[in-house]
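A.B. asks: Handing you a structure now.
Laboratory data are not the source of any read-out in this text; all were calculated from the coordinates shown. Just so we're clear, the structure is a prediction, and the values are computed from it rather than from any experiment. Note: ideal-geometry Cβ built from the backbone for every residue, glycine included; neighbour counts use all protein chains shown.
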Amino acid sequence: MPFPPPPRMPSGPRRRSLLAAATGAALLVGCSPGSDTDGTGGSPSAADRARARAARDSAELVDRYDAVIAVRPALADRLQPLRAEVVRHAEAFGGTAARTATPSASASASTVPSDEKGALAELAAAERTLADRRTEELLELPGELARLLASVAAAGAAHVYLLTEGDA
């Protein structure tokens, strides 16, 4: 009895690859000395500035999601779970972001591409840029904050995949 042909393999990274990358980043960061409070990982003011910047960046990303949802409401079901994660990221860094998307278009809505594919690509580019920047900042930060930033950067990389390749 012949075996059926293997199913078509999706393009892009697999879920397992994303998890392995996130685990590797967490292990790398887990080896950093100290924590936020012991003073060996960097000055508290540098950590406070990094935390505030991360909260602000996440809140700005929430605004981008809101703008796309306002201009392209057909994407709302796909984007709401990702947006909710970004809201939690902002809160994890001590910031605030609106828990629900505002139905009216914000000022940044004028920059949203008119087609769905372009709108998703713009969001993916914003997520990728932010995840890359956060990954670069890891070595400069103390333990717990670096681990949080690594986790959020890994989530951002997963969002890029879901926005460009996967079905959210």
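A.B. asks: Given points 7 Å out from each Cα along the Cα-Cβ axis, report the T129 to S114 separation in nanometres with one decimal.
C.D. replies: 2.3
A.B. asks: Work out the FRET efficiency for A121 and A52 from their Cβ-Cβ distance, taking R0 = 22 Å, and round it to the nearest 0.05.
C.D. replies: So the FRET efficiency works out to roughly 0.15.
A.B. asks: Still on this structure, I have one more. Per residue of the stretch 123-135, what does 6.51 cos²θ - 1.76 cosθ + 1.60 with θ = phi - 60° give for ³J(HN,Hα)? Whole Hz please, x for Gly and Pro, Karplus curve as stated.
C.D. replies: 5, 4, 5, 5, 4, 4, 4, 5, 4, 5, 5, 5, 4
A.B. asks: To continue, here is another question. Under the Karplus relation 6.51 cos²θ - 1.76 cosθ + 1.60, θ = phi - 60°, what is the ordered set of whole-Hz ³J(HN,Hα) values for the stretch 65-77, x standing for Gly and Pro?
C.D. replies: 4, 4, 5, 5, 5, 5, 7, 10, x, 5, 8, 4, 4
A.B. asks: Could you check the spin-label model distance between E136 and E60? Points 7 Å from the Cα along Cα→Cβ, value in nm.
C.D. replies: Going by the 7 Å Cα→Cβ label model, 1.3 nm.
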